[in-house]
Amino acid sequence: MKILVLGSGGREHALVWKIKQSPLAEQVFCSPGNAGIAQECECFKGDPVEIARQVGADFVVVGPDGMLADGVVDRLNEAGFLAFGPTQSAARLESSKIWTKNLLQKYGVPTAKFATFDSATDAKAYLHAQDEGAFVVKADGLAVGKGVVVAATKNEAIAGVDEVLGIASQTVQGDAGRVLIEEMMSGPEVSFFALCDGQNLLPLIEVQDHKRAFDGDLGPNTGGMGCYSPVPFWSPELREQVIETILKPTLEGLKSDGVEYRGVLYCGLMLTEDGPKVIEYNARFGDPECQILMTLCESDIVPALLACAGSPDYSVTDIELSWRDEAALLVVLAASGYPASPRRDDPIIGLESVSDALVFHAGTRAADGKILTAGGRVLGVLGIGANFAQARQKTYEAVSHIHFEGAHFRSDIGKLAMTESE
Ligand code: AMP
Ligand code: GLY
């Protein structure tokens with residue numbers, strides 16, 4: 001079959017790479033893609049539905065949250081294409097934090113206590129009336145990883161209301177005027193992924209992301225600077241607990257509210273003293289977490305994606321995915337100035353000297369036979385090894401071969417995990 005992948009990040013590079021290995025994939029296409037994806041398959045620019053028609057796609061896999069929130073799956077379905085990913089209405093699980101918090105509360109899914117407000121004035125008045133303490137202030141809507149203030153004091157939280165609304169007003173999606181105030185939870189964070197066909201879950205595995213720009217989890221939040229799996233503090237018991245107390249009730253809640261959720265359930269978890277709780281849901285694969293999932297997954301992923309999209313030929317309940325019994329670790333090479341104002345158009349050198357690691361392209365473009373930087377997160381370098389130490393060694397060895405002006409990366413991805421897993 002002909003499969004079209006939509007998106008241009010490292011996540012989509014990993015999806016193309018994995019899908020190409022499937023015996024079901026006769027041809028793979030991507031739109032818009034990047035320089036690395038263009039080395040794997042033909043890439044097109046333009047309207048997704050038009051491109052699906054042009055290439056005669058039998059199946060379309062949607063990567064990015066923005067496209068899902070824009071309703072690309074609805075448009076593809078209306079045009080008769082089978083597409084992987086939630087509809088616009090179901091993608092509210094990510095695009096509206098308030099909608100999701102209300103759903104979780106209604107169905108008893110563990111999450112931070114919260115209150116919602118339609119105006120900054122109401123949100124501030126609420127905070128003024130609270131005892132001194134820590135709060136988390138969030139704008140509703142997709143705010144590309146921003147739009148959240150974790151405030152240690154009441155005054156910081158009050159100032160945070162204007163801050164998150166200021167950020168939200170500059171982003172295009174969501175109800176930018178609404179505010180969510182949450183109790184502060186504490187504990188380690190981890191992400192867990194499942195695929196869903198609207199009725200059934202196909203749990204994947206856990207991944208540890210590092211969102212802060214600099215070593216020691218310092219600096220501004222980013223889309224993710226590195227990640228790895230397995231996670232040392234994770235366990236089969238915890239996995240079972242998350243599936244039973246969080247994912248299943250979320251899916252049952254969605255069904256009861258008439259939402260047919262098809263696609264990725266990406267659950268951001270905090271492991272609190274009272275057990276795992278939901279920080280947020282995303283409606284797509286994480287980036288760079290997807291790169292880890294696709295490399296550690298031993299099975300053909302295409303039947304699972306087809307089953308979730310509603311293909312009559314495959315069923316989630318008949319699919320069992322197997323996973324490599326190894327560790328994978330990815331480090332992001334970011335452009336100078338990322339996340340605030342990434343520098344662009346610098347030549348990337350040394351890619352050909354990487355031998356024992358995978359390189360997934362994100363913000364890259366090809367010009368005059370060269371590969372240039374073209375975005376904040378430029379490349380993701382991924383090593384696989386029998387244990388953390390090996391995976392980490394391979395990753396950083398490969399990173400040392402790649403250069404571009406102002407490149408920065410975290411040198412501590414997996415450092416703690418390596419000691420904990422020994
Ligand atoms: P979100 O965009 O909702 O995932 O929030 C971004 C980050 O803020 C999370 O990865 C957490 O580190 C932090 N965070 C969000 N909500 C809470 C909460 N209720 N308690 C503590 N930290 C939180
Ligand atoms: N790496 C975090 C995300 O994809 O949202």
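The values are calculated or read from the model by the stated rules, or taken from the named source; none is laboratory data. None of these values were measured; they are calculated from a predicted model. Virtual Cβ from ideal backbone geometry, glycine too; neighbours counted across all protein chains shown. Accessible surface is based on the protein model in full, side chains and every heavy atom, while ligands, DNA and RNA are left aside. Shrake-Rupley method; radii C 1.70, N 1.55, O 1.52, S 1.80 Å.
Some observations on this one:
- The peptide list 243-250, 366-373, put in order of mean Cβ contacts within 10 Å with the highest first, becomes 243-250, 366-373.
- Computed across region 80-150, the Kirkwood hydrodynamic radius from all distinct Cα-Cα pairs reaches 14.3 Å.
- Sorted from longest to shortest, the spans of the Cα atoms of region 48-94 along the three principal axes equal 30, 17, 14 Å.
- Region 221-332 - Rg over Rh from alpha carbon coordinates, Kirkwood radius: 0.96
- Projected area averaged over orientations for the chain, convex hull of C-alpha atoms, nm²: 19.5 nm²
- Relative contact order (%) - region 1-115, alpha-carbon pairs under 8 angstrom, separation at least six: 22 percent
- Expressed per residue, the C-alpha convex hull volume of region 98-251 stands at 139 Å³.
- Taking the convex hull of Cα positions in region 285-422, its mean projected area over all directions (nm²): 10.5 nm²
- Fraction of alpha-carbon pairs over 21 Å apart in region 358-422 - percent: 31 percent
- Region 187-277: C-alpha pair distances exceeding 24 Å, %: 28 percent
- Whole-Å semi-axes of the ellipsoid equivalent to region 1-150 (Cα gyration tensor, √5λ, descending): 39, 16, 13
- Protein-only accessible surface order, largest first, of PHE59, PHE81, PHE409 at 1.4 Å: PHE409, PHE81, PHE59
- For region 222-305, a crude dipole built from +1 on the beta carbon of Lys and Arg and -1 on the beta carbon of Asp and Glu, taken about the Cα centre, is about 160 debye to the nearest 20.
- Looking at the chain alone, DSSP beta bridges between its own residues are antiparallel in about 80 percent of cases.
- Coupling constants for region 204-209 follow from the phi torsions by the Karplus curve (6.51 cos²θ - 1.76 cosθ + 1.60, θ = phi - 60°), and in residue order they are 9, 9, 8, 9, 9, 9 Hz; glycine and proline get x.
- Region 258-348 - charge dipole about Cα centre, Lys and Arg +1 at Cβ, Asp and Glu -1, debye rounded to 20: 400 debye
- Choice from SER235, SER89, SER31 with maximal GNM fluctuation in the chain (Cα, 10 Å cutoff): SER235
- Sequence-distant residues sharing a close amide H with LYS211 (under 5 Å, placed H): MET225
- GNM result for the chain, Cα springs below 10 Å: residue of GLY198, GLY258, GLY63 fluctuating most strongly: GLY258
- Of LYS106/LYS154; LYS18/LYS415; LYS18/LYS248; LYS101/LYS277; LYS211/LYS277, those spanning more than 21 Å from alpha-carbon to alpha-carbon: LYS106/LYS154; LYS18/LYS415; LYS18/LYS248
- When only Cα pairs below 8 angstrom with a gap of at least 6 residues are kept, the chain shows a relative contact order of 16 percent.
- Three-way shape label, region 1-64, alpha-carbon gyration tensor, a/c 1.5: oblate
- Å² per residue, accessible surface of region 191-309 at 1.4 Å: 31 Å²
- Of the residues GLY376, HIS403, GLN390, the one whose Cα sits farthest towards the positive end of the charge dipole of region 364-422 is GLY376 (charges of +1 on Lys and Arg Cβ, -1 on Asp and Glu Cβ, taken about the Cα centre).
- For VAL5, nonlocal amide neighbours, meaning residues 5 or more places apart or on other chains whose placed amide H falls under 5 Å from its own, are PHE29, CYS30, SER31, VAL61.
- Order by protection proxy (mean Cβ within 10 Å, highest first), peptides 377-388, 1-12: 1-12, 377-388
- Note that region 366-380 has calculated 3J(HN,Hα) couplings of 9, 8, 6, x, 10, 10, 10, 6, 8, x, x, 8, 8, 9, x Hz, one per residue in order, obtained from phi through the Karplus relation 6.51 cos²θ - 1.76 cosθ + 1.60 (θ = phi - 60°); glycine and proline are x.
- Amide H contacts of ASP346: THR373, each under 5 Å away and 5 or more positions distant or on a separate chain (H built 1.01 Å from N in the peptide plane; Pro and chain starts excluded).
- Phi-derived couplings, Karplus 6.51 cos²θ - 1.76 cosθ + 1.60 at θ = phi - 60°, listed residue by residue for region 71-88: x, 5, 5, 4, 5, 5, 4, 4, 7, x, 9, 7, 9, 8, x, x, 5, 4 Hz, with x used for Gly and Pro.
- GNM remark for the chain: springs join alpha carbons under 10 Å apart, and the peak mean-square fluctuation among ALA14, ALA374, ALA159 falls on ALA159.
- For the pair region 274-324 and region 326-362, the centres of their Cα atoms are 25 angstrom apart.
- Of all accessible heavy-atom area on the chain, the percent that carbon and sulfur account for (1.4 Å): 48 percent
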